[in-house]
Amino acid sequence: MSVEGRACILEEPGTPAVVREITVESPGPNEVLVRLVASGVCHTDLTVKMLNGNGMAFPIVLGHEGAGIVEEVGEGVTHLAPGDPVVLAYRAPCEQCPACRRGDPRRCYMALRPKQRIRRKSDGALCSQVLRCGTFATHTVVHAKAAIKMPAAMPLDKACLIACGVITGVGATMNTTPVFAGSRVAVIGCGGVGLSVIQGAKLQHARQIVAVDVNSVKLEWARKFGATDTVNAREVDPVAEVRRLTEDGWDGGVEFAFEATGIPACTEQAIKMLAYGGRATTIGFPAATDSVTLNLGDMATGVYWNKAGLNVCHCGDALPSSDFPLMAQLYLEGKLDLDGMVTRTIGLDDVEDAFHEMETGNVIRSVILF
Ligand SMILES: NC(=O)c1ccc[n+]([C@@H]2O[C@H](COP(=O)([O-])OP(=O)(O)OC[C@H]3O[C@@H](n4cnc5c(N)ncnc54)[C@H](O)[C@@H]3O)[C@@H](O)[C@H]2O)c1
Ligand SMILES: [Zn+2]
Ligand SMILES: [Zn+2]
């Protein structure tokens, strides 16, 4: 049986997101229908809007950082039942690609997706779902293996952050580019993702964590989440300052630098602030035309002489079925701060306002409560 609800939709390129009535079909085989309880607003939703859907067909249901309750399970679903609390994973491994076939699901090329089952009620148009989720909606249908069960004690208005910002940032330090104990780490961009990188670096026992941002309020918050030093890139050259703060008689620099802004110049900075043999990780979502210039031959900062490396992080290279419950456990044990990341709760009608705040205001995560 189909259900009726509401969703925040991009209807056509260049227009604001609007709330519309939707009809959601019953889940098909290996799918589940989820009633959303909460969804974080990640910068990637804004990027999808700014890039006019980034290749997705309109209309598009936004949102990919969601938690909710399973309402109905499709044929063949045995690991979930109606009433189960879940967080939605947009990169549940496909089990078919070359990486999955060689037993390396964290490097899965694609992800499990449901059939499109959300329709705009006014004209019946089938909607795309951002990152196969579409969580700015009262209801959505996802692949059953993309719905990860949460412990009963886990509050869903915090659990939703695990789906993207938190697993991306923490996972970057655990899976994409494992941070070793005693290392020096720099994090460029201290939004929801960057602050999660900081939390991850702390969990991995980094010795020094240098937070870089252009917003002094974000830098104050970064200290609360574990940064040992802060650099305001509006006031000083972040590369020189990170090298100065990490000076060890060997020109300073960090073993690990994470970019979490989506600005190509910040990825270049991350590479230039590495110590010999260090590794930068780019996390921000690029536009098709974005590129970086890597100098090879500069004796101090060139990639060749500095033996620098660059990794790319997709959703923290997570294995959601084991990593999401781990994040919940860390939260419940008081080792991962999700409460402090929810700086604003909003309604479904406030998404455009949340986008505006993301660009101009002091907000870590706005969380939509349904
Ligand atoms: N790779 C992935 O899997 C993945 C997952 C989630 C988000 N993302 C992307 O990561 C990026 C960060 O996402 P978010 O939700 O944390 O965004 P956000 O808007 O919450 O945070 C971005 C931060 O960068 C800071 N910033 C802006 N310009 C800067 C500069 N020149 N130097 C230093 N800091 C600067 C901002 O002040 C802000 O604190 C976005 O591009 C997003 O699309 C990627
Ligand atoms: Zn995201
Ligand atoms: Zn795969």
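Figures for the structure shown
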{"quantity": "Among (1) assigned to a loop (DSSP other than H, G, I, E, B); (2) away from ligand 1 (no atom under 16 Å from the Cβ) - the single one ALA275 does not satisfy", "calculated": "(1)"}
{"quantity": "Flag if ALA89 is within 16 Å of ligand 3 (Cβ to nearest atom), touching a strand residue (DSSP E or B) at 6+ places or on another chain (Cβ under 6 Å) and in the same structural domain as MET150 (by TED's automatic domain parsing)", "calculated": "yes"}
{"quantity": "Residues of region 228-257 that turn out to be in contact with a Phe, Trp or Tyr (Cβ under 9 Å, 6 or more places away or on another chain) and surrounded by 13 or more Cβ atoms within 10 Å (Cβ to Cβ), as a count", "calculated": "4"}
{"quantity": "Flag for ALA280 being small (Gly, Ala, Ser), outside the structural domain of THR44 (by TED's automatic domain parsing) and crowded, with 21+ Cβ neighbours inside 10 Å", "calculated": "yes"}
{"quantity": "Selected residue (only one of LYS149, LYS145 is closer than 21 Å to VAL24 by Cα and of a type in the set (D, E, K, R))", "calculated": "LYS145"}
{"quantity": "Selected residue [in a loop (DSSP other than H, G, I, E, B) and crowded, with 20+ Cβ neighbours inside 10 Å] from ASN362, ASN306", "calculated": "ASN306"}
{"quantity": "Flag for ARG113 being surrounded by fewer than 20 Cβ atoms within 10 Å (Cβ to Cβ), more than 16 Å from ligand 1 (Cβ to nearest atom), assigned to a strand (DSSP E or B) and of a type in the set (Lys, Arg)", "calculated": "no"}
{"quantity": "Some residue of region 258-267 being more than 21 Å from the chain's Cα centre (by Cα) and either surrounded by fewer than 24 Cβ atoms within 10 Å (Cβ to Cβ) or not aromatic (Phe, Trp, Tyr) (or both)", "calculated": "no"}
{"quantity": "Count - residues of region 277-288 that are at pLDDT 95 or above and more than 15 Å from PHE180 (Cβ to Cβ)", "calculated": "4"}
{"quantity": "Looking only at region 189-206, and only at residues there that are closer than 14 Å to ILE162 by Cα and touching a Phe, Trp or Tyr at 6+ places or on another chain (Cβ under 6 Å), the one that is surrounded by the most Cβ atoms within 10 Å (Cβ to Cβ)", "calculated": "VAL197"}
{"quantity": "One residue from ALA308, ALA318 being on the phi < 0 side of the Ramachandran plot, among the hydrophobic types (A, V, I, L, M, F, W, C) and within 16 Å of ligand 3 (Cβ to nearest atom)", "calculated": "ALA318"}
{"quantity": "Boolean, TYR90 is more than 13 Å from ligand 1 (Cβ to nearest atom), under 19 Å from the mean Cα position of the chain (by Cα) and either among the acidic types (Asp, Glu) or part of a loop (DSSP other than H, G, I, E, B) (or both)", "calculated": "no"}
{"quantity": "Count - residues of region 125-141 that are assigned to a strand (DSSP E or B), closer than 11 Å to GLY66 by Cα and touching a helix residue (DSSP H, G or I) at 6+ places or on another chain (Cβ under 9 Å)", "calculated": "1"}
{"quantity": "Hits in region 93-104 (condition: within 21 Å of ALA147 (Cβ to Cβ) and away from ligand 1 (no atom under 16 Å from the Cβ))", "calculated": "CYS94, GLU95, GLN96, CYS97, CYS100"}
{"quantity": "Residues satisfying the stated conditions in region 143-153, i.e. more than 18 Å from the chain's Cα centre (by Cα), outside any loop (DSSP other than H, G, I, E, B) and of a type in the set (A, V, I, L, M)", "calculated": "ALA144"}
{"quantity": "First in region 208-230 and farther than 19 Å from GLY252 by Cβ, second anywhere and assigned to a helix (DSSP H, G or I) and charged (D, E, K, R), Cβ under 8 Å, 6 or more apart", "calculated": "PHE225/LYS202; GLY226/LYS202"}
{"quantity": "GLY103 in the same structural domain as PRO155 (by TED's automatic domain parsing), within 16 Å of ligand 2 (Cβ to nearest atom), on the phi > 0 side of the Ramachandran plot and out of contact with any Leu (no Cβ under 6 Å at 6 or more places or on another chain)", "calculated": "no"}
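This table checks each residue for (1) within 16 Å of ligand 3 (Cβ to nearest atom); (2) surrounded by fewer than 18 Cβ atoms within 10 Å (Cβ to Cβ); (3) touching a residue at least 60 places away in the same chain (Cβ under 8 Å).
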| site | (1), (2), (3) |
| --- | --- |
| GLY5 | no, no, yes |
| GLU21 | no, yes, yes |
| VAL48 | no, no, yes |
| ASN52 | no, yes, no |
| GLY68 | no, no, yes |
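The rows are residues; the columns are (1) more than 16 Å from ligand 2 (Cβ to nearest atom); (2) farther than 21 Å from LYS49 by Cβ; (3) in contact with a Ser or Thr (Cβ under 6 Å, 6 or more places away or on another chain).
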residue	(1), (2), (3)
VAL77	yes, yes, no
VAL86	yes, yes, no
ALA89	no, yes, no
ARG107	yes, yes, no
PRO114	yes, yes, no
ARG117	yes, yes, no
ARG132	no, no, no
HIS139	yes, yes, no
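The values are calculated or read from the model by the stated rules, or taken from the named source; none is laboratory data. The model shown is predicted, which means the values in this text are computed figures rather than measured ones. With ideal geometry, Cβ positions are generated from the backbone for all residues, glycine too; neighbour counts draw on all protein chains shown.
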